[in-house]
Amino acid sequence: MSSKPNGSQSFLYFISILFIIAAPGIYFRLLNDTFLTLVLNTLSVFSLFLLPTVFIRRKLKWYAWFLLPVILVGIVNFACIYHYKMPINDGLITVAINTNKDEFNELASGYWFSFLIIFCIYIGVYLLLLKKVPEQLSYKKSVKVSVFSFLIISIIPFFDDADYDYFRKLRARYYSVFPTSVLYAANSVYAQYQIMDETKTERDQFKFNAKQSNSQKQIYVLVIGESDRRDHWSLYGYHRNTTPKMLQKENLIPFNNMNTAGYLTEFAVPIILTGIDPSNFLQHTKQKSIVSLFKEAGFETYWISNQTDFGHISIHAAESRNRYFFASDENRKTKNINDDSELLLPLNKVMNQPGNKKFIVIKLQGSHYDYAKRYPNNFDVFKPSNKTVPTSANDFKNKEIITNTYDNTVLYTDTILDSIINIINKQNVISSVFYISDHGEDLFDDERRLSQHAAEIPSKYIAPIPFTIWYSNQYKQNATYQIHQLNLNKGKKASSQHLFYTIAEMAEIQFRHFDSTKSLSSKAFIEKPRYIVGGNLKTFNSDSLK
Ligand SMILES: [Zn+2]
């Protein structure tokens, strides 16, 4: 049975609906990829939706209606690309399902208006086109469309020069184009939670068999920063005086060639905590972290965090016997935003608790966007800033204002670190404070105009991070060898995955699997190629980022 569309209706309008589904991807590829990728991706999206035409030729309008959910998710996808320069991926989904209401509002603030505009345009165009889609398509035409789509899908993998087999190339193509990319990402999040669930027994039974023979009083503190760029520290040569206190600090070793091994918080932090290889990221779910290493060695363990630690991070935070969370919904009932200085209160409390050996992890909110909310007014030194001139996060025209605001967060972190070190120093015991940022931050550094840290392909501004080790005089007397080695290695090519081994060796904790080639306090340390893992667990060589 064939049927002619009435006057103004045409199959072309249906194809136009597919065009608005493909549009965000086209926009993204224009920003990030080669022309060939753009063409192949676009063709693969069109062919996917046109493939079943022969089967639904009698219900074409219905089919167009069924595309509404795809259009709706497409709007969110477009907004993510527009604002975060990143399509929906597993990292964004994980953040979205774990972010509390206030954090969400903070992330979305300044975006609502443009989101509403995108939404209205999308839905408006969709409804207009829908009206013009014919009810049916002739058998002959629909066969042609389906066969042609099938042929296109079949030949696309031949244009892919990756070293995979045919079907893997085909899968990889559809993993990277909307809307199949969203299904892939959602499935990947589900699989990651599934793995954390399945590996629970293995993780629970995991043992380092760690020992420490020193019975003296000791405190080790690992401070994990947030979105803190090494090149914005005056300690590392930045032209602004952003780290005056760390510049003057005695017994402080700054490492000037440290790269992060993960550029999204939920990947970066577990690597710092477990020392696992970024290309084998999920391995961390099968084992415990540095928290348990210290616990086994006889330390009381503490986790003090100003972030919502979820998913991959939460399984290791849970290893701590004592936990203080500030950003949890519980705390937010009374307050919206917690200043990093509030972390000093529980730290002081911990100091007053009994116990000879303490290991403390402190997680800062540091330089996470919204920068203006990270520091009090008296730290508004670089001006004008977002404290007085609101801008949206991706407003590259206001790069200077946003950078000023960012620099104020670095200045504030300098003071927070100084306070933490002073609190520990006052104890007059063997102690050390390690500071490392989870990853860097994009600040409209070049013509790509990237901001924050979620771009699909990480930039060279994301990998380099500050890493400093402070030690007390009591530590110095005990460990001249380690300090000597740290100083010898401070310029070497290091990765955040080395932290685990470095801290273990500095605290003289012995355990099976200790690898001295990964310890910066060891003579055996070896420089190796460095990798960085990000969205959808893709890894990149962090020394060849552009
Ligand atoms: Zn982060």
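Do we have Ser459 as surrounded by fewer than 24 Cβ atoms within 10 Å (Cβ to Cβ), of a type in the set (Gly, Ala, Ser), closer than 28 Å to Asn489 by Cβ and under 18 Å from the mean Cα position of the chain (by Cα) here? Here the answer is yes, as Ser459 does meet what is asked.
The helices (runs of 4 or more DSSP H) found wholly in the range 233-303 and carrying at least 3 residues that are at pLDDT below 95 and within 16 Å of the ligand (Cβ to nearest atom) occupy 265-274.
Is there a residue being under 29 Å from the mean Cα position of the chain (by Cα) and either acidic (Asp, Glu) or within 14 Å of Ser176 (Cβ to Cβ) (or both) anywhere in the range 52-69? Checking the range 52-69: not a single residue is under 29 Å from the mean Cα position of the chain (by Cα) and either acidic (Asp, Glu) or within 14 Å of Ser176 (Cβ to Cβ) (or both).
Could you go through the range 224-238 and let me know if any residue there is closer than 29 Å to Tyr13 by Cβ and crowded, with 18+ Cβ neighbours inside 10 Å. No, every residue in the range 224-238 fails to be closer than 29 Å to Tyr13 by Cβ and crowded, with 18+ Cβ neighbours inside 10 Å. When Val221 is tested against the conditions (1) within 16 Å of the ligand (Cβ to nearest atom); (2) outside any loop (DSSP other than H, G, I, E, B), the lone failure is (1). Take the conditions (1) surrounded by 13 or more Cβ atoms within 10 Å (Cβ to Cβ); (2) within 24 Å of Leu30 (Cα to Cα); (3) among the charged types (D, E, K, R); Arg168 misses just one of them, which is (2).
The combined condition, being surrounded by fewer than 17 Cβ atoms within 10 Å (Cβ to Cβ), over 19 Å from the mean Cα position of the chain (by Cα) and farther than 23 Å from Lys245 by Cβ, is not fulfilled by Ile509. Can you spot a residue in the range 201-210 that is closer than 24 Å to Ala455 by Cβ and part of a helix (DSSP H, G or I)? Looking through the range 201-210, none of the residues is closer than 24 Å to Ala455 by Cβ and part of a helix (DSSP H, G or I).
Each row is one residue, and each column tells you yes or no for (1) within 16 Å of the ligand (Cβ to nearest atom); (2) within 21 Å of Tyr236 (Cα to Cα).
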{"site": "Asn394", "(1), (2)": "no, no"}
{"site": "Asp407", "(1), (2)": "no, yes"}
{"site": "Thr413", "(1), (2)": "yes, yes"}
{"site": "Leu417", "(1), (2)": "no, yes"}
{"site": "Asn425", "(1), (2)": "no, no"}
{"site": "Ile465", "(1), (2)": "yes, yes"}
{"site": "Thr468", "(1), (2)": "no, yes"}
{"site": "Ser472", "(1), (2)": "no, no"}
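A single member of Ile276, Ile313, Ile304 is within 16 Å of the chain's Cα centre (by Cα), crowded, with 20+ Cβ neighbours inside 10 Å and either among the β-branched types (Val, Ile, Thr) or in the same structural domain as Lys217 (by TED's automatic domain parsing) (or both), and it is Ile313.
Name the residue that is surrounded by the most Cβ atoms within 10 Å (Cβ to Cβ), counting only residues in the range 132-165 that are of a type outside the set (A, V, I, L, M, F, W, C) and without any contact (Cβ under 8 Å) to a residue 60 or more places away in the chain. If we take residues in the range 132-165 being of a type outside the set (A, V, I, L, M, F, W, C) and without any contact (Cβ under 8 Å) to a residue 60 or more places away in the chain, then Pro157 is surrounded by the most Cβ atoms within 10 Å (Cβ to Cβ). Just to be sure, is Leu537 of a type outside the set (Val, Ile, Thr) and in contact with a Ser or Thr (Cβ under 6 Å, 6 or more places away or on another chain)? Taking the combined requirement at face value, the residue does not satisfy it. Can you confirm whether Tyr175 is away from the ligand (no atom under 16 Å from the Cβ), in contact with a Phe, Trp or Tyr (Cβ under 6 Å, 6 or more places away or on another chain), touching a residue at least 40 places away in the same chain (Cβ under 8 Å) and in a helix (DSSP H, G or I)? So Tyr175 fits the description; yes. Of everything in the range 449-461 that is over 30 Å from Ser521 (Cβ atoms) and of a type outside the set (A, V, I, L, M, F, W, C), the residue that is farthest from the ligand (Cβ to nearest atom) is Arg449.
Restricted to the range 427-448, and to residues there that are more than 16 Å from the ligand (Cβ to nearest atom) and not hydrophobic (A, V, I, L, M, F, W, C), the residue that is farthest from the chain's Cα centre (by Cα) is Asn428. Looking at Leu60, is it in the same structural domain as Lys144 (by TED's automatic domain parsing), aliphatic (A, V, I, L, M) and either modelled with pLDDT of 85 or more or over 30 Å from Asp446 (Cα atoms) (or both)? Criteria met by Leu60.
The values are calculated or read from the model by the stated rules, or taken from the named source; none is laboratory data. The model shown is predicted, which means the values in this text are computed figures rather than measured ones. Please note: Cβ atoms are built from the backbone with ideal geometry, for glycine as well, and neighbour counts cover all protein chains shown.
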